[in-house]
Amino acid sequence: MAVAFASATARASARAVARPAAAAVATMQRRTFIHRTLQDITDAGQVHEAATKTWISRRYTLRKDGMGFSFHWTTLKEGTSTLIWYKNHHEAVFVFAGEGEIEVVTPEQSEGEGTVYKLGPGDFYGLDGHERHFLRATKGDLHVACAFNPPIAGSEDHNEDGVYPAVDDEGNKHFDLTPEVVSKLVQPPKTMR
């Protein structure tokens with residue numbers, strides 16, 4: 001009898017734990033875990049090749065996922081140089097394969113006039129001051145993992161100045177952020193609201 005009671009209590013307890021989690025998913029569209037394969041994001045159309053043909057980005061999470069950041073695996077093609085200027089985003093980058101360099105330049109400087117940092121596997125750099133830069137893959141393709149805040153919508157590509165627009169949920173491209181746009185794009189993760 002005690003064993004049967006204990007088993008019944010454990011089953012009831014397990015159901016009680018499962019129900020709130022299921023209810024949260026059903027009513028708030030909250031999720032507590034994401035697992036995506038390269039095939040998943042390919043099928044979802046979240047693999048983006050730049051108009052410049054210098055890089056390809058596999059976008060594993062986007063703003064719609066509600067994580068508070070987007071996460072990408074980007075490959076820069078060997079022998080290429082890409083002008084980048086995240087005026088609307090902060091980016092954290094971890095190099096996991098290949099070799100390259102980042103040249104940080106002022107808006108007035110051209111390529112070759114800035115400060116160069118060599119990049120290789122295990123290196124990290126963070127762009128939290130909207131630094132204008134050239135990113136080059138020098139030995140093999142350069143593979144990096146990137147996190148963006150505000151998270152990107154998914155369609156972003158660099159314009160002629162190297163800028164990603166901040167794309168809102170309606171698809172509007174913002175090259176200069178206002179406080180109203182920032183409040184729409186920069187949100188805490190869904191599980192923290």
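All of the numbers you see were taken from the coordinates with simple rules; none came from a lab. The shown structure was predicted, so the numbers you read here are calculated from the model rather than taken from an experiment. Heads up, the Cβs are rebuilt from the backbone with ideal geometry, glycines too, and the neighbour counts pull from every protein chain shown.
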Looking only at aspartates and glutamates whose Cα falls under 12 Å of K184's and that sit 8 or more positions away or on another chain, we get D168, D169, E170
For the range 139-150, in residue order, the Karplus 3J(HN,Hα) values (coefficients 6.51, -1.76, 1.60; θ = phi - 60°; whole Hz; Gly and Pro = x) are 9, x, 5, 9, 9, 10, 9, 10, 10, 10, 9, x
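Run the numbers for V186 and A145: contour at 0.36 nm per residue of separation, minus the present Cα-Cα distance, in nm.
12.7 nm
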Taking placed amide H atoms and a strict 5 Å upper bound, the residues 5 or more places from Y60 or on another chain that come that close are F71, H72, W73
As straight-line cross-link partners of K190, the qualifying lysines (C-alpha separation under 17 Å, not fewer than 8 residues apart within one chain) are K64
Quick note on I102, I152, I34, ordering by fewest other C-beta atoms within 10 Å, gives I34, I102, I152
With E99 itself left out, Lys, Arg at +1 and Asp, Glu at -1 over residues whose Cβ is under 11 Å from its Cβ give -1
When D161, D168, D65 are arranged by how many other beta-carbons sit within 10 Å of their Cβ, fewest first, they go D161, D168, D65
Ranking S57, Y117, P179 by how far each Cα lies towards the positive end of the charge dipole of the range 36-192 (+1 on Lys and Arg Cβ, -1 on Asp and Glu Cβ), the top one is S57
Sorted by chain and number, the residues with a modelled amide H under 5 Å from that of E78, at a separation of 5 or more or across chains, are D141, L142
Per the rule of 0.36 nm per residue minus the C-alpha distance, extending F33 to D169 adds in nm 46.7 nm
For K139, the lysines lying under 22 Å Cα to Cα, once residues fewer than eight places off in the same chain are dropped, come out as K53, K77, K118
Amide H contacts under 5 Å for D123, restricted to residues at least 5 apart in sequence or on another chain and with H modeled in the peptide plane, are V95
